[in-house]
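Below is one structure, written out as structure tokens; comments come after it.
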Amino acid sequence: MKTWLKENWFKIGLLAIFVISIAGAFYWYEWRPTQIRKRCYDISLIGWTQNGEINYQNCLKNNGLEK
């Protein structure tokens, strides 16, 4: 087993970097925006008067999802 690791350490390192990169991209582009939208929706429901939609849009802007 140690011999196999010594022979393939570079491939294992590249695979680890690839897996970490894919997981990071999934978090940044899928998981994080979904969680921000859920949190902003909950915030807008708390103050759901005439300003509910405005609160939602402001929350998205503050978290970097809208311009």
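Of the candidates 4, 31, the single residue that is of a type outside the set (Gly, Ala, Ser), surrounded by 10 or more Cβ atoms within 10 Å (Cβ to Cβ) and part of a helix (DSSP H, G or I) is 31. Here residue 25 meets the list (1) at pLDDT 90 or above; (2) over 16 Å from the mean Cα position of the chain (by Cα); (3) aliphatic (A, V, I, L, M) almost entirely, failing just condition (2). Of everything in the range 58-67 that is open to solvent by 60 Å² or more (accessible area, probe 1.4 Å) and not in a loop (DSSP other than H, G, I, E, B), the residue that is modelled with the lowest pLDDT is 58.
The values are calculated or read from the model by the stated rules, or taken from the named source; none is laboratory data. Not measured: the values here are computed from a predicted model. Glycine gets a Cβ as well: all are built from the backbone with ideal geometry, and neighbour counts include every protein chain shown. Remember, those area values only see protein heavy atoms, side chains included, never the ligands or the DNA or RNA. Shrake-Rupley method; radii C 1.70, N 1.55, O 1.52, S 1.80 Å.
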